[in-house]
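Engineer: Sharing a structure, written as structure tokens. Questions coming.
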Amino acid sequence: MERVDNLTTVPVAPALPMNSVWRTIRGYIWWSYERGSLHYDIMVTLILLFVFFSPMVINFNDKPIERNPHATGVTVTPDGSGGLVYQIAATAVVGTKDLELRGALLRVIEPIAGEVSITKYEAVRDAAGRIQAYKVWVVR
């Protein structure tokens, strides 16, 4: 009897395409492509996509602290010498001593203007002599 060998050969895929893929990925990681080449343009495009679209997807928690402005109306006008004059209603300020009054005025102004220092302030009085508002000169 004749013996028939049923040898089946499994075709082996060439390793070249996978090596080529890894070589391309390695080139991206080590940034080894010349300017103006297709792969260089692809890397730059991927970086730009990350820079412009990642803030929409990733929460970086980099929003500024939300400061609630004071409930009373505050009027801001320039003083002509680079500073600002804030007019604050007297009902928004509690205090009679100079230090208390400056602290209360700063608590109203800082949520609007940020960190400032008071150079001077004066009371705005009505005809009867009651304090209606305070004019406060500040600088940054």
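The values are calculated or read from the model by the stated rules, or taken from the named source; none is laboratory data. As the structure is a computational prediction, the values presented were derived from the model and not from experiment. Positions of Cβ are backbone-derived with ideal geometry, glycine not excepted, and every protein chain shown enters the neighbour counts.
Engineer: For the subset of region 91-113 comprising residues that are exposed (fewer than 12 other Cβ atoms within 10 Å of the Cβ) and not hydrophobic (A, V, I, L, M, F, W, C), which member is modelled with the lowest pLDDT? Spell out how you get there, then give the answer.
Structural biologist: At the first step, the residues of region 91-113 found to be exposed (fewer than 12 other Cβ atoms within 10 Å of the Cβ) are 91, 94, 96-99.
Narrowing further to those that are not hydrophobic (A, V, I, L, M, F, W, C): 91, 96-98.
Numbers: Thr91: 79, Thr96: 75, Lys97: 83, Asp98: 78.
In this case the residue turns out to be Thr96.
Engineer: Still on this structure, I have one more. Can you pull out the residues in region 114-125 that are surrounded by 10 or more Cβ atoms within 10 Å (Cβ to Cβ) and not in a strand (DSSP E or B)?
Structural biologist: Scanning region 114-125 gives a single hit, Val116.
Engineer: Could you please give the count of residues in region 71-92 that are touching a strand residue (DSSP E or B) at 6+ places or on another chain (Cβ under 6 Å) and either β-branched (Val, Ile, Thr) or on the phi > 0 side of the Ramachandran plot (or both)?
Structural biologist: Count: 7.
Engineer: Hey, another quick one. Among the listed residues Val74, Val57, identify the single one that is of a type in the set (A, V, I, L, M) and either modelled with pLDDT under 85 or in contact with a Pro (Cβ under 7 Å, 6 or more places away or on another chain) (or both). I'd like the intermediate steps shown before the answer.
Structural biologist: Numbers: Val57 fails: either modelled with pLDDT under 85 or in contact with a Pro (Cβ under 7 Å, 6 or more places away or on another chain) (or both).
None of the other options fit; the residue is Val74.
Engineer: Restricting attention to region 126-140, and to residues there that are in a strand (DSSP E or B) and not polar (S, T, N, Q), which single residue is modelled with the lowest pLDDT? Spell out the reasoning first.
Structural biologist: As a first pass, look at region 126-140 and keep what is in a strand (DSSP E or B): 131-139.
This time we only want the ones that are not polar (S, T, N, Q), so: 131, 133-139.
Details: Ile131: 84, Ala133: 86, Tyr134: 85, Lys135: 89, Val136: 87, Trp137: 86, Val138: 83, Val139: 78.
Checked region 126-140; the qualifying residue modelled with the lowest pLDDT is Val139.
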